[in-house]
Amino acid sequence: MLYYLFEYLEQQYQLPGAGVFQYITFRASLAIIFSLLLSTIFGRKIIAFLQRQQVGETVRDLGLAGQVEKAGTPTMGGIIIIFATLVPVLLFSKLDNIYVVMLIVTTLWMGLIGFIDDYIKVFKKNKEGLSGKFKVLGQVGLGVFVGAVMYFHPGVTIKQEKINPEFSNEMITQNSPGEFYAEENRSLKTTIPFVKDNEFDYSKLMSWMGDGYQNYAWLIFIPIVIFIITAVSNGANLTDGIDGLAAGSSAIIVFALAIFAFISGNIVFSDYLNVMFIPSLGELVVFIAAFVGALIGFLWYNTFPAQVFMGDTGSLTIGGIIAVIAIAVRKELLIPLLCGIFFAESLSVILQVSWFKYTRKKFGEGRRIFKMSPLHHHYQKSGYHESKIVTRFWIVGIFLAILSIVTLKLR
(Lines give C-alpha, C1' and ligand atoms only; values in the text may rest on other atoms or scores of the structure.)
Protein backbone atom coordinates (compact mmCIF):
# COMPACT_ATOMS: atom_id res chain seq x y z
CA MET A 1 0.00 0.00 0.00
CA LEU A 2 2.77 2.43 0.93
CA TYR A 3 4.50 1.60 -2.36
CA TYR A 4 1.53 2.97 -4.31
CA LEU A 5 1.20 5.98 -2.00
CA PHE A 6 4.81 7.06 -2.44
CA GLU A 7 4.68 6.31 -6.16
CA TYR A 8 1.72 8.71 -6.40
CA LEU A 9 3.49 11.35 -4.30
CA GLU A 10 6.56 11.16 -6.48
CA GLN A 11 4.65 11.36 -9.76
CA GLN A 12 2.25 14.11 -8.69
CA TYR A 13 4.31 16.22 -6.32
CA GLN A 14 7.92 15.10 -6.85
CA LEU A 15 8.19 14.56 -3.10
CA PRO A 16 11.89 14.33 -2.18
CA GLY A 17 12.87 10.80 -1.14
CA ALA A 18 9.63 9.20 -2.33
CA GLY A 19 11.45 7.44 -5.15
CA VAL A 20 13.37 5.28 -2.68
CA PHE A 21 10.27 3.06 -2.41
CA GLN A 22 10.95 1.91 -5.96
CA TYR A 23 13.95 -0.06 -4.69
CA ILE A 24 13.28 -3.63 -3.63
CA THR A 25 16.22 -3.65 -1.22
CA PHE A 26 14.86 -0.63 0.65
CA ARG A 27 11.37 -2.08 0.98
CA ALA A 28 12.77 -5.49 1.97
CA SER A 29 14.81 -3.82 4.71
CA LEU A 30 11.71 -2.07 6.03
CA ALA A 31 9.73 -5.32 5.82
CA ILE A 32 12.20 -7.34 7.91
CA ILE A 33 12.54 -4.58 10.53
CA PHE A 34 8.79 -4.10 10.74
CA SER A 35 8.06 -7.83 10.97
CA LEU A 36 10.67 -8.23 13.72
CA LEU A 37 9.04 -5.44 15.71
CA LEU A 38 5.54 -6.82 15.17
CA SER A 39 6.47 -10.37 16.17
CA THR A 40 8.39 -9.35 19.28
CA ILE A 41 6.10 -6.56 20.51
CA PHE A 42 2.70 -8.01 19.61
CA GLY A 43 3.92 -11.58 20.15
CA ARG A 44 3.72 -11.08 23.90
CA LYS A 45 0.16 -9.78 23.61
CA ILE A 46 -0.88 -12.71 21.42
CA ILE A 47 0.69 -15.18 23.88
CA ALA A 48 -1.18 -13.53 26.74
CA PHE A 49 -4.42 -13.78 24.75
CA LEU A 50 -3.82 -17.49 24.04
CA GLN A 51 -3.20 -18.06 27.76
CA ARG A 52 -6.47 -16.34 28.66
CA GLN A 53 -8.27 -18.55 26.16
CA GLN A 54 -6.55 -21.58 27.73
CA VAL A 55 -5.07 -22.60 24.40
CA GLY A 56 -2.54 -24.92 26.01
CA GLU A 57 -0.58 -27.79 24.49
CA THR A 58 -1.74 -31.27 25.46
CA VAL A 59 1.37 -33.41 25.92
CA ARG A 60 1.43 -37.17 25.60
CA ASP A 61 3.98 -38.82 27.85
CA LEU A 62 6.57 -40.28 25.49
CA GLY A 63 9.29 -40.58 28.09
CA LEU A 64 11.23 -37.56 26.82
CA ALA A 65 13.20 -35.34 29.19
CA GLY A 66 11.41 -32.08 30.04
CA GLN A 67 8.31 -33.10 28.15
CA VAL A 68 5.82 -33.04 31.01
CA GLU A 69 6.87 -29.52 32.00
CA LYS A 70 5.69 -28.24 28.59
CA ALA A 71 2.07 -29.19 29.23
CA GLY A 72 -0.13 -26.12 29.13
CA THR A 73 2.27 -24.00 27.10
CA PRO A 74 0.19 -21.92 24.64
CA THR A 75 0.01 -23.30 21.12
CA MET A 76 -1.34 -21.77 17.88
CA GLY A 77 1.65 -19.41 18.01
CA GLY A 78 1.81 -19.62 14.24
CA ILE A 79 -0.66 -16.74 14.33
CA ILE A 80 2.28 -14.53 15.33
CA ILE A 81 4.25 -15.60 12.25
CA ILE A 82 1.30 -15.10 9.91
CA PHE A 83 0.41 -11.70 11.36
CA ALA A 84 4.01 -10.42 11.38
CA THR A 85 4.48 -11.57 7.78
CA LEU A 86 1.31 -10.31 6.14
CA VAL A 87 1.19 -6.81 7.64
CA PRO A 88 4.60 -5.71 6.26
CA VAL A 89 3.82 -7.44 2.96
CA LEU A 90 0.59 -5.48 2.60
CA LEU A 91 2.41 -2.26 3.50
CA PHE A 92 5.61 -2.52 1.47
CA SER A 93 5.12 -4.88 -1.49
CA LYS A 94 3.54 -4.42 -4.89
CA LEU A 95 0.22 -6.17 -4.44
CA ASP A 96 -0.37 -6.56 -8.16
CA ASN A 97 2.64 -8.89 -8.42
CA ILE A 98 1.45 -12.44 -9.12
CA TYR A 99 4.19 -14.03 -7.01
CA VAL A 100 3.26 -11.93 -3.98
CA VAL A 101 -0.43 -12.71 -4.47
CA MET A 102 0.38 -16.43 -4.71
CA LEU A 103 2.35 -16.31 -1.44
CA ILE A 104 -0.38 -14.37 0.38
CA VAL A 105 -2.94 -16.98 -0.69
CA THR A 106 -0.55 -19.75 0.41
CA THR A 107 -0.09 -18.16 3.83
CA LEU A 108 -3.81 -17.77 4.46
CA TRP A 109 -4.67 -21.18 2.96
CA MET A 110 -2.20 -23.24 4.95
CA GLY A 111 -2.71 -21.07 8.02
CA LEU A 112 -6.42 -21.87 7.95
CA ILE A 113 -5.80 -25.62 7.63
CA GLY A 114 -3.33 -25.53 10.52
CA PHE A 115 -5.66 -23.38 12.62
CA ILE A 116 -8.56 -25.80 12.16
CA ASP A 117 -6.27 -28.67 13.13
CA ASP A 118 -5.10 -26.88 16.29
CA TYR A 119 -8.64 -25.77 17.14
CA ILE A 120 -9.89 -29.36 17.06
CA LYS A 121 -6.98 -30.50 19.26
CA VAL A 122 -7.39 -27.74 21.83
CA PHE A 123 -11.08 -26.99 22.03
CA LYS A 124 -12.59 -30.30 20.89
CA LYS A 125 -10.05 -32.23 23.02
CA ASN A 126 -9.28 -34.49 20.06
CA LYS A 127 -5.55 -35.23 20.08
CA GLU A 128 -5.65 -36.41 16.48
CA GLY A 129 -6.80 -33.01 15.26
CA LEU A 130 -8.01 -32.57 11.71
CA SER A 131 -8.37 -35.83 9.86
CA GLY A 132 -5.34 -36.67 7.72
CA LYS A 133 -7.41 -36.92 4.55
CA PHE A 134 -8.73 -33.38 5.03
CA LYS A 135 -5.19 -32.07 5.59
CA VAL A 136 -4.03 -33.75 2.40
CA LEU A 137 -7.11 -32.45 0.57
CA GLY A 138 -6.18 -28.91 1.64
CA GLN A 139 -2.58 -29.39 0.51
CA VAL A 140 -3.76 -30.81 -2.81
CA GLY A 141 -6.07 -27.83 -3.27
CA LEU A 142 -3.20 -25.42 -2.73
CA GLY A 143 -1.03 -27.46 -5.09
CA VAL A 144 -3.67 -27.23 -7.82
CA PHE A 145 -3.92 -23.45 -7.31
CA VAL A 146 -0.14 -22.87 -7.37
CA GLY A 147 0.42 -25.23 -10.28
CA ALA A 148 -2.37 -23.60 -12.30
CA VAL A 149 -1.01 -20.10 -11.61
CA MET A 150 2.55 -21.12 -12.57
CA TYR A 151 1.31 -22.71 -15.78
CA PHE A 152 -1.54 -20.51 -16.97
CA HIS A 153 -0.94 -16.99 -15.59
CA PRO A 154 0.51 -14.62 -18.22
CA GLY A 155 2.63 -12.85 -15.58
CA VAL A 156 4.71 -15.97 -14.86
CA THR A 157 7.44 -15.73 -17.49
CA ILE A 158 11.18 -16.13 -17.97
CA LYS A 159 13.84 -14.51 -20.15
CA GLN A 160 16.83 -16.58 -21.10
CA GLU A 161 18.65 -15.85 -24.30
CA LYS A 162 20.50 -12.66 -25.11
CA ILE A 163 19.79 -11.40 -28.59
CA ASN A 164 23.53 -10.89 -28.95
CA PRO A 165 25.65 -12.88 -26.48
CA GLU A 166 28.56 -10.47 -26.97
CA PHE A 167 26.76 -7.67 -25.15
CA SER A 168 28.58 -6.93 -21.90
CA ASN A 169 27.26 -6.46 -18.40
CA GLU A 170 28.02 -2.75 -18.70
CA MET A 171 25.60 -2.51 -21.62
CA ILE A 172 22.98 -4.52 -19.76
CA THR A 173 23.00 -2.10 -16.81
CA GLN A 174 21.89 0.79 -19.02
CA ASN A 175 18.39 2.23 -18.75
CA SER A 176 16.77 -0.34 -21.02
CA PRO A 177 18.42 -3.65 -20.11
CA GLY A 178 15.56 -5.71 -21.47
CA GLU A 179 16.29 -4.71 -25.05
CA PHE A 180 19.36 -6.97 -25.06
CA TYR A 181 17.27 -10.04 -24.27
CA ALA A 182 14.67 -12.02 -26.14
CA GLU A 183 11.00 -11.53 -25.35
CA GLU A 184 9.54 -12.91 -22.13
CA ASN A 185 7.91 -16.28 -22.55
CA ARG A 186 5.89 -18.62 -20.41
CA SER A 187 7.84 -21.75 -19.63
CA LEU A 188 7.90 -24.73 -17.29
CA LYS A 189 11.68 -24.78 -17.23
CA THR A 190 13.43 -25.35 -13.91
CA THR A 191 17.04 -25.79 -12.85
CA ILE A 192 18.86 -28.97 -11.89
CA PRO A 193 21.59 -28.49 -9.25
CA PHE A 194 25.22 -29.51 -9.91
CA VAL A 195 24.60 -29.96 -13.65
CA LYS A 196 26.36 -27.81 -16.28
CA ASP A 197 23.47 -27.43 -18.72
CA ASN A 198 21.13 -27.32 -15.78
CA GLU A 199 17.78 -26.40 -17.29
CA PHE A 200 14.97 -28.91 -17.55
CA ASP A 201 11.55 -28.38 -19.08
CA TYR A 202 8.73 -30.33 -17.44
CA SER A 203 6.81 -30.28 -20.71
CA LYS A 204 9.41 -32.69 -22.14
CA LEU A 205 7.87 -35.37 -19.96
CA MET A 206 4.80 -35.21 -22.22
CA SER A 207 6.72 -35.37 -25.51
CA TRP A 208 5.44 -38.92 -26.09
CA MET A 209 2.06 -37.37 -26.92
CA GLY A 210 3.40 -36.02 -30.21
CA ASP A 211 2.86 -32.58 -31.74
CA GLY A 212 1.39 -30.01 -29.37
CA TYR A 213 2.52 -31.90 -26.29
CA GLN A 214 3.35 -28.59 -24.57
CA ASN A 215 -0.38 -27.90 -24.26
CA TYR A 216 -0.74 -30.90 -21.95
CA ALA A 217 2.29 -30.22 -19.74
CA TRP A 218 0.02 -29.13 -16.89
CA LEU A 219 -1.08 -32.75 -16.51
CA ILE A 220 2.37 -33.62 -15.18
CA PHE A 221 3.37 -30.23 -13.71
CA ILE A 222 0.44 -29.77 -11.33
CA PRO A 223 0.82 -33.23 -9.70
CA ILE A 224 4.54 -32.47 -9.19
CA VAL A 225 3.64 -29.17 -7.49
CA ILE A 226 1.08 -30.98 -5.30
CA PHE A 227 3.71 -33.52 -4.25
CA ILE A 228 6.28 -30.82 -3.41
CA ILE A 229 3.87 -28.74 -1.33
CA THR A 230 2.55 -31.78 0.53
CA ALA A 231 6.03 -33.16 1.21
CA VAL A 232 7.58 -29.90 2.43
CA SER A 233 4.62 -28.83 4.59
CA ASN A 234 4.50 -32.26 6.24
CA GLY A 235 8.28 -32.17 6.68
CA ALA A 236 8.06 -28.83 8.47
CA ASN A 237 5.24 -30.22 10.59
CA LEU A 238 7.37 -33.20 11.68
CA THR A 239 10.34 -30.93 12.43
CA ASP A 240 8.26 -28.88 14.86
CA GLY A 241 8.91 -31.13 17.83
CA ILE A 242 11.33 -29.28 20.12
CA ASP A 243 11.76 -25.62 21.02
CA GLY A 244 13.07 -23.44 18.22
CA LEU A 245 13.91 -26.22 15.77
CA ALA A 246 11.32 -25.60 13.05
CA ALA A 247 11.40 -21.79 13.21
CA GLY A 248 15.21 -21.55 13.23
CA SER A 249 15.71 -24.12 10.48
CA SER A 250 13.04 -22.44 8.36
CA ALA A 251 14.63 -18.99 8.77
CA ILE A 252 17.91 -20.38 7.40
CA ILE A 253 16.16 -22.03 4.44
CA VAL A 254 14.12 -18.95 3.60
CA PHE A 255 17.16 -16.66 3.78
CA ALA A 256 18.87 -18.83 1.15
CA LEU A 257 15.72 -18.67 -1.00
CA ALA A 258 15.80 -14.86 -0.69
CA ILE A 259 19.25 -14.87 -2.32
CA PHE A 260 17.97 -17.06 -5.15
CA ALA A 261 14.94 -14.81 -5.64
CA PHE A 262 17.02 -11.62 -5.67
CA ILE A 263 19.52 -13.01 -8.18
CA SER A 264 16.95 -14.57 -10.50
CA GLY A 265 14.81 -11.44 -10.40
CA ASN A 266 17.72 -9.10 -11.23
CA ILE A 267 18.76 -8.97 -14.87
CA VAL A 268 22.36 -7.99 -14.09
CA PHE A 269 23.08 -10.63 -11.44
CA SER A 270 21.26 -13.37 -13.32
CA ASP A 271 23.31 -12.58 -16.42
CA TYR A 272 26.59 -12.50 -14.49
CA LEU A 273 25.90 -15.84 -12.81
CA ASN A 274 24.35 -17.28 -15.97
CA VAL A 275 21.09 -18.28 -14.30
CA MET A 276 17.53 -18.02 -15.49
CA PHE A 277 16.18 -14.46 -15.38
CA ILE A 278 12.61 -14.37 -14.08
CA PRO A 279 10.92 -10.97 -14.54
CA SER A 280 8.92 -9.64 -11.56
CA LEU A 281 10.39 -12.29 -9.23
CA GLY A 282 12.49 -9.74 -7.36
CA GLU A 283 9.36 -8.46 -5.62
CA LEU A 284 9.26 -11.79 -3.82
CA VAL A 285 12.27 -10.61 -1.79
CA VAL A 286 9.99 -8.20 0.10
CA PHE A 287 7.69 -11.05 1.10
CA ILE A 288 10.61 -13.28 2.06
CA ALA A 289 12.19 -10.52 4.14
CA ALA A 290 8.97 -10.09 6.10
CA PHE A 291 8.74 -13.86 6.57
CA VAL A 292 12.33 -14.13 7.83
CA GLY A 293 11.73 -11.30 10.28
CA ALA A 294 8.57 -12.99 11.55
CA LEU A 295 10.39 -16.30 12.07
CA ILE A 296 13.29 -14.68 13.93
CA GLY A 297 10.90 -12.63 16.05
CA PHE A 298 8.93 -15.76 16.86
CA LEU A 299 12.15 -17.40 18.06
CA TRP A 300 12.29 -14.73 20.77
CA TYR A 301 9.48 -16.63 22.48
CA ASN A 302 10.01 -20.10 21.04
CA THR A 303 13.61 -20.87 22.03
CA PHE A 304 14.14 -23.11 25.05
CA PRO A 305 12.22 -22.96 27.29
CA ALA A 306 9.45 -22.05 24.88
CA GLN A 307 6.77 -19.59 25.95
CA VAL A 308 4.65 -20.54 22.96
CA PHE A 309 4.48 -23.30 20.35
CA MET A 310 3.68 -22.56 16.72
CA GLY A 311 1.33 -25.54 16.39
CA ASP A 312 0.14 -26.73 13.01
CA THR A 313 -1.01 -23.16 12.39
CA GLY A 314 2.64 -22.28 12.04
CA SER A 315 4.36 -25.44 10.84
CA LEU A 316 2.02 -26.20 7.93
CA THR A 317 2.13 -22.55 6.89
CA ILE A 318 5.92 -22.45 7.00
CA GLY A 319 6.24 -25.60 4.92
CA GLY A 320 3.72 -24.39 2.36
CA ILE A 321 5.44 -21.01 1.97
CA ILE A 322 8.89 -22.56 1.57
CA ALA A 323 7.60 -25.00 -1.07
CA VAL A 324 5.86 -22.28 -3.09
CA ILE A 325 8.88 -19.95 -2.96
CA ALA A 326 11.14 -22.77 -4.17
CA ILE A 327 8.75 -23.50 -7.04
CA ALA A 328 8.52 -19.79 -7.95
CA VAL A 329 12.31 -19.35 -8.11
CA ARG A 330 12.63 -22.61 -10.08
CA LYS A 331 14.72 -24.27 -7.37
CA GLU A 332 12.28 -27.00 -6.31
CA LEU A 333 14.74 -29.75 -7.30
CA LEU A 334 17.13 -28.29 -4.72
CA ILE A 335 14.65 -28.89 -1.88
CA PRO A 336 16.14 -32.24 -0.68
CA LEU A 337 19.44 -30.41 -0.13
CA LEU A 338 18.27 -26.98 1.01
CA CYS A 339 15.51 -28.44 3.21
CA GLY A 340 17.75 -31.30 4.32
CA ILE A 341 16.57 -31.02 7.92
CA PHE A 342 12.94 -31.46 6.87
CA PHE A 343 13.96 -34.28 4.54
CA ALA A 344 15.88 -36.13 7.27
CA GLU A 345 13.00 -35.77 9.74
CA SER A 346 10.48 -37.11 7.22
CA LEU A 347 12.77 -39.90 6.08
CA SER A 348 13.35 -41.04 9.66
CA VAL A 349 9.60 -41.44 10.16
CA ILE A 350 9.14 -43.27 6.86
CA LEU A 351 12.02 -45.66 7.59
CA GLN A 352 10.92 -46.25 11.17
CA VAL A 353 7.32 -47.05 10.29
CA SER A 354 8.20 -49.13 7.22
CA TRP A 355 10.84 -51.20 9.03
CA PHE A 356 8.58 -51.73 12.04
CA LYS A 357 5.74 -53.02 9.84
CA TYR A 358 8.07 -55.21 7.78
CA THR A 359 9.75 -56.84 10.79
CA ARG A 360 6.45 -57.37 12.57
CA LYS A 361 5.10 -59.16 9.52
CA LYS A 362 8.25 -61.24 9.00
CA PHE A 363 9.34 -61.95 12.56
CA GLY A 364 6.12 -61.41 14.49
CA GLU A 365 7.73 -58.57 16.41
CA GLY A 366 8.21 -55.00 15.24
CA ARG A 367 11.75 -53.66 15.35
CA ARG A 368 12.99 -50.07 15.21
CA ILE A 369 15.86 -48.36 13.44
CA PHE A 370 15.80 -45.29 15.69
CA LYS A 371 15.08 -45.08 19.39
CA MET A 372 12.21 -42.80 18.41
CA SER A 373 11.14 -40.82 15.36
CA PRO A 374 11.20 -38.11 14.08
CA LEU A 375 14.98 -37.88 14.19
CA HIS A 376 15.25 -35.15 16.84
CA HIS A 377 13.45 -37.42 19.32
CA HIS A 378 16.06 -40.12 18.65
CA TYR A 379 18.74 -37.75 19.93
CA GLN A 380 16.59 -36.79 22.90
CA LYS A 381 16.28 -40.48 23.78
CA SER A 382 20.06 -40.71 23.43
CA GLY A 383 20.47 -38.20 26.25
CA TYR A 384 21.16 -34.96 24.35
CA HIS A 385 19.60 -31.80 25.72
CA GLU A 386 17.15 -30.30 23.26
CA SER A 387 19.05 -26.99 23.11
CA LYS A 388 22.14 -28.84 21.89
CA ILE A 389 20.08 -30.77 19.34
CA VAL A 390 18.50 -27.59 18.00
CA THR A 391 21.83 -25.75 17.77
CA ARG A 392 23.50 -28.60 15.92
CA PHE A 393 20.55 -28.96 13.55
CA TRP A 394 20.82 -25.23 12.84
CA ILE A 395 24.53 -25.63 12.06
CA VAL A 396 23.75 -28.46 9.66
CA GLY A 397 21.01 -26.30 8.13
CA ILE A 398 23.45 -23.42 7.61
CA PHE A 399 25.92 -25.77 5.93
CA LEU A 400 23.19 -27.09 3.61
CA ALA A 401 22.04 -23.54 2.79
CA ILE A 402 25.60 -22.49 1.90
CA LEU A 403 26.04 -25.59 -0.24
CA SER A 404 22.74 -24.81 -1.98
CA ILE A 405 23.85 -21.24 -2.74
CA VAL A 406 27.15 -22.56 -4.08
CA THR A 407 25.18 -24.50 -6.73
CA LEU A 408 24.74 -21.17 -8.52
CA LYS A 409 28.28 -21.62 -9.84
CA LEU A 410 29.18 -25.22 -8.91
CA ARG A 411 28.04 -27.12 -11.98
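The values are calculated or read from the model by the stated rules, or taken from the named source; none is laboratory data. Just so we're clear, the structure is a prediction, and the values are computed from it rather than from any experiment. Methodologically, a virtual Cβ is constructed for each residue, glycine included, from the backbone with ideal geometry; neighbour enumeration extends over all protein chains shown. Protein only, heavy atoms only, side chains kept; ligands, DNA and RNA dropped before computing areas. Shrake-Rupley method; radii C 1.70, N 1.55, O 1.52, S 1.80 Å.
Centroid-to-centroid, using Cα positions, segment 1-46 and segment 233-310 are 19 Å apart. Taken per residue, the accessible surface of segment 187-300 reaches 37 Å², heavy atoms only and a 1.4 Å probe. For a test of the definition: using alpha carbon positions, the gyration tensor, and the 1.5 limit on a/c, classify segment 297-411 as rounded, prolate or oblate. Note, shape of segment 297-411 comes out oblate.
Could you sort out which of 189/409; 70/135; 133/331; 159/409; 331/371 sit more than 23 Å apart by Cα distance in this structure? As for pairs spanning more than 23 Å Cα to Cα, those are 70/135; 133/331; 331/371. Packing around the peptides 284-297, 211-224, taken as the average count of other Cβ atoms within 10 Å per residue, puts them in this order, highest first: 284-297, 211-224. Protein heavy-atom surface of the chain, 1.4 angstrom probe: 63% of the accessible area is carbon and sulfur, with nucleic acids and ligands not counted. Judged by the ratio a/c of the largest to the smallest principal axis of the C-alpha gyration tensor, segment 268-318 counts as prolate, that ratio being 1.5 or greater while a/b is larger than b/c. When only the Cβ of Lys, Arg, Asp and Glu is charged (+1, +1, -1, -1), the dipole of the chain relative to its Cα centre reaches about 1880 debye. In this rough spin-label picture, where each label sits 7 Å from Cα along the Cβ direction, the residue 208-residue 2 distance is 5.4 nm.
Computed from Cα atoms, the angle from the helix 311-328 axis to the main principal axis of the chain rounds to 30 degrees.
Between the helical axis of 98-123 and the dominant principal axis of the chain, each derived from Cα atoms, what acute angle in degrees is found, rounded to the nearest 10? Taking the Cα atoms of the chain, the angle to 98-123 is about 10 degrees.
For the chain, the convex hull spanned by the alpha carbon atoms encloses 165 Å³ per residue. Seen against the Cα atoms of the chain and their longest principal axis, helix 24-52 is set at about 20 degrees.
Sorting the Cα pairs of segment 79-148 by distance into bins of 10 Å, from 0 upward, gives 18, 40, 30, 10, 0 percent per bin.
Note on residue 361/residue 127: beta-carbon distance plugged into 1/(1 + (r/R0)^6) with R0 of 25 Å gives a FRET efficiency of 0.35. Between segment 92-149 and segment 332-411, the C-alpha centres lie 25 angstrom from each other.
Candidates 318, 43, 373 compared by Cα position along the dipole of the chain: farthest toward the positive end lies 373, with charges placed on Cβ. Here the sum of -39500 (n - 2.57) over DSSP H runs of 4 or more residues, divided by the residues of the chain, equals -20000 deg cm²/dmol at 222 nm, to the nearest 500.
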